[in-house]
1. Determine if region 35-46 includes at least one residue that is among the basic types (Lys, Arg), within 15 Å of ARG82 (Cα to Cα) and modelled with pLDDT of 85 or more.
2. Could you please tell me which pairs satisfy a Cβ distance under 6 Å, a separation of 6+ or placement on different chains, a first residue in region 21-47 that is without any contact (Cβ under 8 Å) to a residue 40 or more places away in the chain, and a second residue that is outside any helix (DSSP H, G or I)?
3. Restricting the search to region 76-111, which residues are touching a residue at least 40 places away in the same chain (Cβ under 8 Å) and outside any helix (DSSP H, G or I)?
4. For the condition free of Cβ contacts under 8 Å to residues at least 24 places away in the same chain, out of contact with any helix residue (DSSP H, G or I) (no Cβ under 6 Å at 6 or more places or on another chain) and on the phi > 0 side of the Ramachandran plot, what is the one hit in GLY16, GLY53?
5. If you scan region 82-139, which residues turn out to be of a type in the set (S, T, N, Q) and within 27 Å of PHE41 (Cα to Cα)?
6. Counting just the residues of region 8-34 that are surrounded by 15 or more Cβ atoms within 10 Å (Cβ to Cβ) and of a type in the set (Val, Ile, Thr), which one comes out modelled with the lowest pLDDT?
7. What number goes with the only condition from (1) touching a Ser or Thr at 6+ places or on another chain (Cβ under 7 Å); (2) under 20 Å from ILE144 (Cβ atoms); (3) at pLDDT 90 or above that CYS68 does not pass?
8. Can you name every residue in region 51-65 that is over 13 Å from the mean Cα position of the chain (by Cα) and either modelled with pLDDT under 90 or within 20 Å of ILE8 (Cβ to Cβ) (or both)?
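The values are calculated or read from the model by the stated rules, or taken from the named source; none is laboratory data. Given the structure is predicted, the values throughout are model-derived calculations rather than measurements. Using ideal geometry, Cβ is built from the backbone for each residue, glycine included, and neighbour counts are taken over all protein chains shown.
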Amino acid sequence: MKSVNTIICLLILCLGMSYYLAYTPLLLSAYILIISLCCYFYYAKDKKAAMTGAWRVPENTLHLLALCGGWPGALYAQQRLRHKTQKTSFRIVLFLSVLANCSGVVLLHSHDGQKLLRVAMNSVDSALIRYVDSDRARLPLLFITRLRTR
């Protein structure tokens, strides 16, 4: 359990430093937090279903959530709930998801990654302007997306 907590603390430290040094927007950290909470929720739901014999959450759903950035929640749920810790094939795919996510964050710190991030953030800005009708809702969201992006 200590190693998972250490990994999550290192992630928080790295994301904080990345934000402070203006490599990544605050939105990335918020996204990882939200998707991690969702991932933890699905692990808990699957654990409860496994104990009661109810309909289970498909493994592909758990893997997709981890791959989309929810791997901190997945690691924490595995250790805290003692769920999906014995199946080696599942753990290997989760480990590959962690590697893919870490590689993606490292890529964001390269010159090409910064260009890609700017394009993505501009797309989010455009979508907010186009689809959010209320100025009261749009302005805070635009502020968050533009926070500390070069």
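1. The answer is yes; a qualifying residue exists.
2. TYR42/VAL57; LYS45/VAL57; ASP46/ARG56; ASP46/VAL57; LYS47/HIS83
3. Within region 76-111, HIS83, LYS84, LEU108, HIS109 qualify.
4. The conditions single out GLY53.
5. THR85, GLN86, THR88, SER89, SER97, ASN101, SER103
6. If we take residues in region 8-34 being surrounded by 15 or more Cβ atoms within 10 Å (Cβ to Cβ) and of a type in the set (Val, Ile, Thr), then THR24 is modelled with the lowest pLDDT.
7. So CYS68 meets the others, but not (1).
8. The one that is over 13 Å from the mean Cα position of the chain (by Cα) and either modelled with pLDDT under 90 or within 20 Å of ILE8 (Cβ to Cβ) (or both): GLY53.
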